[in-house]
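Enquirer: Below is one structure. I have some questions about it.
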Amino acid sequence: MGIELLNPFGLDAASGQLVDVGGVKRGKACGCICPSCQTPLIARHGGKKEWHFAHRSQKVHSETRRDCEYSFALSVRLMIRQLSDHGLKFRTPRLEPLLPAVGKHSCASKNIGYLVTDESLLELEKVQVGVQFCGVTVDVLGLVKNVPFVVYVTYKERSLPSELRSPSTTMCGVVELNVDSVQNLFRKEQKGQYKEALRRYIEEHTDGKTWVYHPREKKLREAAIDKLQSWSQQQKGVAMENVNVTPSRVLGEPMMSHPAIEVDEPLELGVRKYICVICKNSWEGASTICAKCKTHLYTTERE
């Protein structure tokens, strides 16, 4: 059984805090319950597979309060909230989109990448967890130099709300954190010290993290488009200068000129086939922006 099917964190019944399996006693003596269904847990400190919590199955049915929704992804999400409760250092990924352009009637092409932000370690202040932002309950909301910064945790059963892709609060930052990326990190932990492993991941790693919205991205994208349009006009001018009109002769007929040679039209941006990896919408055209998700951040080219 892989770590993605196990529960690394349990709820300490005495303190009401989430703890990792490496920080409690083995077996029933762990003193932990499931935060979802309230069933007592067993801490399994095994040698063959990753340490984990399991629901006790004998003589505890009366203590179960509801159907259990606890899972690896949910447990990690809840621990992220707990780690954020008193402030958070969060490493953000580099954001440098690539804007492609191709000629309509030629092989001319050009790509312009525009750097929105480099990889950075942010220190969030006035952190809140599980609060509303732009009509959505987010996992973490803090301030970075008085600008709202949102972390939204996703996994297979929990996708990113469309409201966060185009937030009504335009001066903010939104990063998606997909917890599937922490599975390999947890597999390396020999003694179930998952809490510290998760903290290190949040502060030191960028895999699994994606910028959903950055306040500078739109303006920089528009500037990049202007550069591409300027370049395409230059290319059209060069093509027109190089047009050679060659006379032709057919035996017994007077010399005639060929009709004017049609030059390339202005460059069209991204006239290719695209697919959105989030909503699976596919299209062909000049825009890399998904009509459903209202962003280009999850767009990739398809064959």
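The values are calculated or read from the model by the stated rules, or taken from the named source; none is laboratory data. Treat the numbers as computed from the prediction; the structure is a model and nothing was measured. Counting neighbours? That spans all protein chains shown, and the Cβs are built from the backbone with ideal geometry, glycine included.
Enquirer: When the residues of the range 174-190 are filtered to those that are outside any loop (DSSP other than H, G, I, E, B) and free of Cβ contacts under 8 Å to residues at least 60 places away in the same chain, which remaining residue is farthest from Leu88 (Cα to Cα)?
Expert: Narrowing the range 174-190 to residues outside any loop (DSSP other than H, G, I, E, B): 174-187.
From the residues that got through so far, the ones that are free of Cβ contacts under 8 Å to residues at least 60 places away in the same chain too are 174, 176, 178, 181, 184-185.
Numbers: Val174: 15, Glu176: 16, Asn178: 17, Ser181: 19, Asn184: 23, Leu185: 20 Å.
Going through the qualifying residues, I end up with Asn184.
Enquirer: Condition first: hydrophobic (A, V, I, L, M, F, W, C) and within 16 Å of Ile202 (Cα to Cα). Now tell me which residues in the range 145-178 satisfy that. Break it down stepwise before answering.
Expert: From the range 145-178, those hydrophobic (A, V, I, L, M, F, W, C) are 147, 149-151, 153, 160, 164, 171-172, 174-175, 177; that's our starting set.
If the condition is that a residue be hydrophobic (A, V, I, L, M, F, W, C) and within 16 Å of Ile202 (Cα to Cα), then Phe149, Val150, Val151, Val153, Val174, Val175, Leu177 are the ones that fit.
Enquirer: For the range 94-121, which positions are outside any strand (DSSP E or B), out of contact with any helix residue (DSSP H, G or I) (no Cβ under 6 Å at 6 or more places or on another chain), modelled with pLDDT of 80 or more and buried (at least 17 other Cβ atoms within 10 Å of the Cβ)? Full working, then the answer.
Expert: From the range 94-121, those outside any strand (DSSP E or B) are 94, 96-97, 103-108, 114-116, 118-119; that's our starting set.
Filter once more, so that each one left must be out of contact with any helix residue (DSSP H, G or I) (no Cβ under 6 Å at 6 or more places or on another chain): 94, 96-97, 103-107, 115, 118-119.
After this cut, where a residue has to be modelled with pLDDT of 80 or more as well, the list is 94, 96-97, 115, 118-119.
Selection gives Pro97 alone.
Enquirer: Would you please name the residue that is nearest to the chain's Cα centre (by Cα), looking only at residues in the range 122-163 that are assigned to a strand (DSSP E or B), among the aliphatic types (A, V, I, L, M) and farther than 14 Å from Phe90 by Cα?
Expert: To start, the set of residues in the range 122-163 that are assigned to a strand (DSSP E or B) comprises 122-133, 136-144, 147-155, 158.
Next, from what is left, pick out any that are among the aliphatic types (A, V, I, L, M): 122, 124, 127, 129, 131, 136, 138, 140-141, 143-144, 147, 150-151, 153.
Still in the running and farther than 14 Å from Phe90 by Cα: 129, 131, 136, 138, 147.
Details: Val129: 19, Val131: 20, Val136: 17, Val138: 15, Val147: 20 Å.
Here the residue is Val138.
Enquirer: Please go through the range 177-219 and pick out each residue that is at pLDDT 90 or above, basic (Lys, Arg) and surrounded by fewer than 19 Cβ atoms within 10 Å (Cβ to Cβ).
Expert: Across the range 177-219, the qualifying residues are Arg199, Arg200, Arg216, Lys218, Lys219.
Enquirer: Select from the range 136-165 the residues that are of a type in the set (Ser, Thr, Tyr) and loosely packed, with under 14 Cβ neighbours inside 10 Å and write down the one among them that is nearest to Asp118 (Cα to Cα). Please lay out each step first, then the result.
Expert: At the first step, the residues of the range 136-165 found to be of a type in the set (Ser, Thr, Tyr) are 137, 152, 154-155, 159, 162.
Checking the rest, the ones that are also loosely packed, with under 14 Cβ neighbours inside 10 Å come to 137, 159.
Values: Thr137: 27, Ser159: 25 Å.
If we take residues in the range 136-165 being of a type in the set (Ser, Thr, Tyr) and loosely packed, with under 14 Cβ neighbours inside 10 Å, then Ser159 is nearest to Asp118 (Cα to Cα).
Enquirer: Of all residues in the range 50-93, which are under 29 Å from the mean Cα position of the chain (by Cα), assigned to a loop (DSSP other than H, G, I, E, B) and modelled with pLDDT under 90?
Expert: Result: Glu50, Trp51, Cys68, Glu69, Tyr70, Ser71, His86.
Enquirer: If you scan the range 32-52, which residues turn out to be over 13 Å from Asn7 (Cα atoms) and exposed (fewer than 15 other Cβ atoms within 10 Å of the Cβ)?
Expert: Gly46, Gly47, Lys48
Enquirer: Let me ask something else. Looking at Glu222 and the list (1) modelled with pLDDT of 80 or more; (2) surrounded by 14 or more Cβ atoms within 10 Å (Cβ to Cβ); (3) closer than 23 Å to Ile112 by Cβ, which single condition is not satisfied?
Expert: Tallying (1) modelled with pLDDT of 80 or more; (2) surrounded by 14 or more Cβ atoms within 10 Å (Cβ to Cβ); (3) closer than 23 Å to Ile112 by Cβ, Glu222 fails exactly one: (2).
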